[in-house]
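The values are calculated or read from the model by the stated rules, or taken from the named source; none is laboratory data. None of the values given here were measured: they were computed from a predicted structure. Here the Cβ positions follow ideal geometry from the backbone for every residue, glycine too, while neighbour counts run over all protein chains shown. The protein model used for the area step is the full one, side chains on, heavy atoms only, and it has no ligands, DNA or RNA in it. Shrake-Rupley method; radii C 1.70, N 1.55, O 1.52, S 1.80 Å.
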Amino acid sequence: QVEVSIAPEVLAKVNSDDAVFIFAKAPEGAGPAMPLAARKLKVSDLPIAIVLNDQSAMGPMAKLSQVKFANVVARISKSGQPIAQSGDYEGRYDNVDVYANKVIQIDISQQKQ
């Protein structure tokens, strides 16, 4: 489970209908480069608690259950595209134990350069 919030100073700089991508990827070199699980929301949906699992996989070839650890990212995309671009805002939590069944908290507070 992932709880995603947005820092007040970031909220003042984005629009309520800007896209928010929340996704889990294998750490670099430990699995496929594509996200293993993903959800697309809007800034107005935050704060939110969601579950990333195999049901939120992007395809049958890459699933969250295939890795032990994952990096979870929450990104506000000004362009509406999932690929990070300069000016996007994000928060992340690295090396999450996929099978620990813990709640992680991500605060979107950093601007991409």
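Quick notes on this structure:
- Extreme residue, most open to solvent (accessible area, probe 1.4 Å), among residues of segment 89-113 that are assigned to a loop (DSSP other than H, G, I, E, B) and among the β-branched types (Val, Ile, Thr): Val103
- Residues satisfying the criterion are present in segment 16-35 (criterion: in contact with a helix residue (DSSP H, G or I) (Cβ under 8 Å, 6 or more places away or on another chain), farther than 27 Å from Lys63 by Cα, in a loop (DSSP other than H, G, I, E, B) and of a type in the set (Asp, Glu)).
- Segment 70-84, residues that are modelled with pLDDT of 95 or more and either surrounded by fewer than 20 Cβ atoms within 10 Å (Cβ to Cβ) or more than 22 Å from Ala49 (Cα to Cα) (or both): Asn71
- Single residue of Ser86, Ser44, Ser79 found to be over 12 Å from Ile106 (Cβ atoms), out of contact with any Phe, Trp or Tyr (no Cβ under 7 Å at 6 or more places or on another chain) and part of a helix (DSSP H, G or I): Ser44
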